[in-house]
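> Input: one structure, supplied below.
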Amino acid sequence: MIHPKKEKTLVIIKPDGIQRSLVGEIISRYERSGLKLIAMKMIVPSADLVEKHYTLDPEWRRVTGEKTIKGYKDKGLVAPINDPLEVTKILLTRLVTYITSGPVICMVWEGAHAVSIVRKLTGGTEPLMSDVGTIRGDFVIDSYQMTDKDSRAVRNLVHASGSPKEAEDEIKHWFTKEEIIEYRHIQEKILYETL
């Protein structure tokens, strides 16, 4: 079992984050938390790469569809479709269109509880419901209601892995072993070593 300080997570700054010139701001939020950047590249992803990313977990389609329908009900709204797989089919098409619309910046961050820390700093998937102080809460005004009206994916700046297992699978999908740099950062002494 790996030490928690070696946990890794995938972060992707989506095309809207790049177009809005928020790359430096987003990266600095993760750096200031004490996480260490160990891989980074800019690419324009293919539709195939993005679709495979979202479907690495065979349960993703069902789970995401059920969560989406529940989200409507929790807000007192009626879901436009009640079949989880149909909901996810539409959602996936919109996500692929969104993520392939321009360059993205893919990163691997390492550090204690990296997955949870990045998720906390990033904020909830729907920007409207994200807390002030998070990346999405501070820089995005989008909502699921607007995306439904516009027939598009939510523009929320960043993808962040949801669990250590998901992070492991996603990192392997976006990066080769050779692209991940293992090195010692000076702040690790202060963060992790007994004084």
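> Is there a residue being surrounded by fewer than 17 Cβ atoms within 10 Å (Cβ to Cβ), over 13 Å from the mean Cα position of the chain (by Cα) and at positive phi anywhere in the stretch 32-55?
Taking every residue of the stretch 32-55 in turn, none turns out to be surrounded by fewer than 17 Cβ atoms within 10 Å (Cβ to Cβ), over 13 Å from the mean Cα position of the chain (by Cα) and at positive phi.
> Does GLY65 satisfy the criteria of being of a type outside the set (Val, Ile, Thr), in contact with a Pro (Cβ under 6 Å, 6 or more places away or on another chain) and surrounded by 20 or more Cβ atoms within 10 Å (Cβ to Cβ)?
yes
> Can you name every residue in the stretch 22-41 that is of a type in the set (D, E, K, R) and without any contact (Cβ under 8 Å) to a residue 12 or more places away in the chain?
GLU31, ARG32, listed by residue number.
> Next question, about the same structure. When you go through (1) in a helix (DSSP H, G or I); (2) under 13 Å from the mean Cα position of the chain (by Cα); (3) closer than 22 Å to THR68 by Cα; (4) touching a residue at least 24 places away in the same chain (Cβ under 8 Å) one by one for LEU121, which number turns out not to apply?
(3)
> Continuing with the same structure: Quick one: in the stretch 168-195, which of the residues that are without any contact (Cβ under 8 Å) to a residue 12 or more places away in the chain and either of a type in the set (A, V, I, L, M, F, W, C) or not in a helix (DSSP H, G or I) (or both) is farthest from ILE99 (Cα to Cα)?
LEU195
> Related question: Has the stretch 145-167 got at least one residue that is farther than 18 Å from LYS41 by Cβ, in a helix (DSSP H, G or I), aliphatic (A, V, I, L, M) and in contact with a strand residue (DSSP E or B) (Cβ under 8 Å, 6 or more places away or on another chain)?
Checking the stretch 145-167: not a single residue is farther than 18 Å from LYS41 by Cβ, in a helix (DSSP H, G or I), aliphatic (A, V, I, L, M) and in contact with a strand residue (DSSP E or B) (Cβ under 8 Å, 6 or more places away or on another chain).
> Can you tell me which residues in the stretch 9-21 are aliphatic (A, V, I, L, M) and either under 14 Å from MET42 (Cβ atoms) or surrounded by fewer than 14 Cβ atoms within 10 Å (Cβ to Cβ) (or both)?
Passing the criteria: VAL11, ILE12, ILE13, ILE18.
> When you go through (1) within 30 Å of HIS185 (Cβ to Cβ); (2) in contact (Cβ under 8 Å) with a residue 60 or more places away in the chain one by one for ASP57, which number turns out not to apply?
(1)
Okay, residues lined up against (1) among the charged types (D, E, K, R); (2) surrounded by 15 or more Cβ atoms within 10 Å (Cβ to Cβ); (3) touching a His at 6+ places or on another chain (Cβ under 6 Å); (4) touching a residue at least 40 places away in the same chain (Cβ under 8 Å):
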| position | (1), (2), (3), (4) |
| --- | --- |
| LYS75 | yes, no, no, no |
| LYS89 | yes, no, no, no |
| MET107 | no, yes, no, yes |
| SER130 | no, yes, no, no |
| ILE135 | no, yes, no, yes |
| ASN156 | no, yes, no, yes |
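> Could you name every one of the helices (runs of 4 or more DSSP H) located completely within the stretch 1-105 that has at least 3 residues being more than 17 Å from SER161 (Cα to Cα)?
15-19, 23-33, 60-74, 84-99
Laboratory data are not the source of any read-out in this text; all were calculated from the coordinates shown. Source: prediction; values computed, not measured. When we count neighbours, we look across all protein chains shown, and the Cβ atoms used for this are built from the backbone with ideal geometry, even at glycine.
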